[in-house]
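Trainee: Can you read through this structure? Questions will come right after.
The values are calculated or read from the model by the stated rules, or taken from the named source; none is laboratory data. As the structure is a prediction and not an experimental result, all values here were calculated from the model. We place every Cβ from the backbone using ideal geometry, glycine too, and count neighbours over all the protein chains shown. Surface accessibility is based on the protein's heavy atoms, side chains included, excluding ligands, DNA and RNA. Shrake-Rupley method; radii C 1.70, N 1.55, O 1.52, S 1.80 Å.
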Amino acid sequence: MAEPLRVGVAGLGTVGSSVAAMLLRTRDAIAMRAGRPIDLVAYASKDPPRDATLDLSKARKVADPIALARDPGIDVFVELMGGSGDPAKSSVEAALAAGRPVVTANKALLAHHGATLARLAEANKTTLSFEAAVAGGIPIIKTLREGLGGSRISRIYGILNGTCNYILTRMHKEHMSFDACLKEAQKLGYAEADPTFDIGGFDTAHKIAILTSVAFGTEVDADAVHVEGIESITLADLEAADELGYRVKLLGVAQRTEAGIEQRVHPTMVPKGNVIAEVEGVLNAVAVDADTMGLTLMGPGAGGAATSSAVVADIMDLAAGRRVSSFGRPAASLTKAPRAPMQRHEGGYYIRLAAVDRPGTAATIARRMADANISLESIMQRGRDRKPHGGEDPRSADKPAPVALITYATTEDAMRRALAAIEKDGVVAEKPQVIRIEKG
Ligand code: HSE
């Protein structure tokens, strides 16, 4: 059997510890499949390994990740520290500059510097692999880059953040508050160190920016992603969605349109029956529409075991001599994504209004929608609060009445114009809630 592939791992947190454990535990099986053994020969970690039972007696501890990246005693540098800045960035650059292949799970680094790093890799005749950076254990990069290599992709969309999906699922099923669900997700270890990264949609934005590049051959451009988080979603929205035949999911969507490539992250109403609508808890799912077929992959998007499976698969490709360009084509051929303005987005909308309960309100709302050429698919209005045994609760007399609308396909611009006019008319007591609808 050929000489072992010598691996150096930087970062022994949840993912790094799992990768090290997997390499040790499955060495023989990996050797058989990859055609040569893979040995963890060196590591750099500022903290003790997250997994205290890890036997690192056969590996050298190197003082810092940049020294490890330059170490001639390793064949592959595995970066599992995270973060778009240093030491992750400079150590990846150092490894690539030395002609050493890099495997990383670092979505922030790829989202901000993906095209530059891919060019650096090519200039030094080496590779940059990042299967684990998007949707954890789901092999979506390989699917896009290789499995669908001959297909023309028109849209890719999915649930790319387990924390948000966990929160939305728990809120709906257990009638729990947003804050209580977030606390649980943090306790279970799904959330990022700063959970605003998850709930604000930024983690999903990094992931959809990377998928856009692989799917459409464009430079990764995280700044081009329209981002809205799930902070404004209420139990009332989740319940109205259910009654209207939808589930609310935080989706990342990348789509070719006549106006360019749309990249967007926002809470989305997905019709029940679409596979994505039924994906619950911490799971991720990615759907791809191509000229050849449509497909959906679902699986764990976070956690040590799932993420290390993707990292180890990338290392095995290197061991077996399977080398493909980072984004599935020469880095020099990646183009600037023609950015589609959000105002030109076309689709259906769910709109929840706190309507002032007086004669003429419904007529005003309907007229403003008609003025903007928006056709309504359904309207759901609740009366003001009722007493448990019938009759109106006098305490609710001044309260607005919730109205939920579903529109047929329209443009973002028309919908915003109609809502601005409705607010100006003074027939709503709060800022309207808007959730875009994504058809399967
Ligand atoms: N915080 C991320 C999530 C971890 O919740 O999905 C995986 O990127």
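Trainee: Which condition number does LEU110 fail, the rest of (1) among the hydrophobic types (A, V, I, L, M, F, W, C); (2) open to solvent by 30 Å² or more (accessible area, probe 1.4 Å); (3) modelled with pLDDT of 95 or more being met?
Mentor: The single condition LEU110 does not satisfy is (2).
Trainee: Looking only at helices (runs of 4 or more DSSP H) that fall completely inside region 161-216, which ones have 3 or more residues that are buried (at least 23 other Cβ atoms within 10 Å of the Cβ) and within 13 Å of the ligand (Cβ to nearest atom)?
Mentor: Answer list for region 161-216: 162-174, 202-216.
For every residue, the table says whether it meets (1) assigned to a strand (DSSP E or B); (2) more than 26 Å from the chain's Cα centre (by Cα); (3) modelled with pLDDT of 95 or more; (4) within 16 Å of the ligand (Cβ to nearest atom).
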{"position": "PRO271", "(1), (2), (3), (4)": "yes, no, yes, no"}
{"position": "VAL288", "(1), (2), (3), (4)": "yes, no, yes, no"}
{"position": "VAL311", "(1), (2), (3), (4)": "no, no, yes, yes"}
{"position": "ARG329", "(1), (2), (3), (4)": "no, no, no, no"}
{"position": "PRO359", "(1), (2), (3), (4)": "no, yes, no, no"}
{"position": "ALA362", "(1), (2), (3), (4)": "no, yes, no, no"}
{"position": "ARG384", "(1), (2), (3), (4)": "no, yes, no, no"}
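Trainee: Within region 229-249, can one find any residue that is within 14 Å of the chain's Cα centre (by Cα), within 11 Å of the ligand (Cβ to nearest atom) and among the charged types (D, E, K, R)? Give the derivation first.
Mentor: Step one: of region 229-249, the residues within 14 Å of the chain's Cα centre (by Cα) are 229-230, 249.
Cutting the leftovers down to within 11 Å of the ligand (Cβ to nearest atom) gives us none.
Within region 229-249 (the criterion being within 14 Å of the chain's Cα centre (by Cα), within 11 Å of the ligand (Cβ to nearest atom) and among the charged types (D, E, K, R)), the answer is no, since none of the residues qualifies.
Trainee: Only one of these conditions is not met by THR126: (1) in contact (Cβ under 8 Å) with a residue 40 or more places away in the chain; (2) over 24 Å from GLY304 (Cβ atoms). Which number is it?
Mentor: Looking at each condition in turn, THR126 falls short on (1).
Trainee: Quickly run through region 248-276 and pick out the residues that are more than 28 Å from PRO341 (Cβ to Cβ) and either surrounded by 18 or more Cβ atoms within 10 Å (Cβ to Cβ) or among the charged types (D, E, K, R) (or both).
Mentor: Residue satisfying the conditions is LYS272 alone.
Trainee: Among the residues that make up region 223-235, is at least one of them in the same structural domain as SER154 (by TED's automatic domain parsing), in contact with a helix residue (DSSP H, G or I) (Cβ under 8 Å, 6 or more places away or on another chain) and assigned to a strand (DSSP E or B)?
Mentor: Looking through region 223-235, at least one residue is in the same structural domain as SER154 (by TED's automatic domain parsing), in contact with a helix residue (DSSP H, G or I) (Cβ under 8 Å, 6 or more places away or on another chain) and assigned to a strand (DSSP E or B).
Trainee: Here is a follow-up. If you go through region 64-87 one residue at a time, do you hit one that is open to solvent by 10 Å² or more (accessible area, probe 1.4 Å), of a type in the set (Lys, Arg), over 20 Å from GLY304 (Cβ atoms) and within 25 Å of the chain's Cα centre (by Cα)?
Mentor: no
Trainee: Taking GLY281, is it in contact with a Phe, Trp or Tyr (Cβ under 8 Å, 6 or more places away or on another chain), within 14 Å of the ligand (Cβ to nearest atom) and either of a type outside the set (Val, Ile, Thr) or open to solvent by 20 Å² or more (accessible area, probe 1.4 Å) (or both)?
Mentor: Numbers: in contact with a Phe, Trp or Tyr (Cβ under 8 Å, 6 or more places away or on another chain): yes; within 14 Å of the ligand (Cβ to nearest atom): yes; either of a type outside the set (Val, Ile, Thr) or open to solvent by 20 Å² or more (accessible area, probe 1.4 Å) (or both): yes.
Here the answer is yes, as GLY281 does meet what is asked.
Trainee: While we're on this one: For region 140-154, what are the residues that are more than 13 Å from ILE210 (Cα to Cα) and open to solvent by less than 20 Å² (accessible area, probe 1.4 Å)?
Mentor: LEU148, ILE153 - these are the residues of region 140-154 that are more than 13 Å from ILE210 (Cα to Cα) and open to solvent by less than 20 Å² (accessible area, probe 1.4 Å).
Trainee: Right, another one. I'd like the residue in region 4-21 that is in a loop (DSSP other than H, G, I, E, B) and at negative phi and, out of all such residues, is modelled with the lowest pLDDT. Don't jump to the end; show me each part of the working.
Mentor: Of all residues in region 4-21, those in a loop (DSSP other than H, G, I, E, B) come to 4, 11-13.
Now restrict to residues that are at negative phi: 4, 12-13.
Working: PRO4: 97, LEU12: 97, GLY13: 93.
Selected residue: GLY13.
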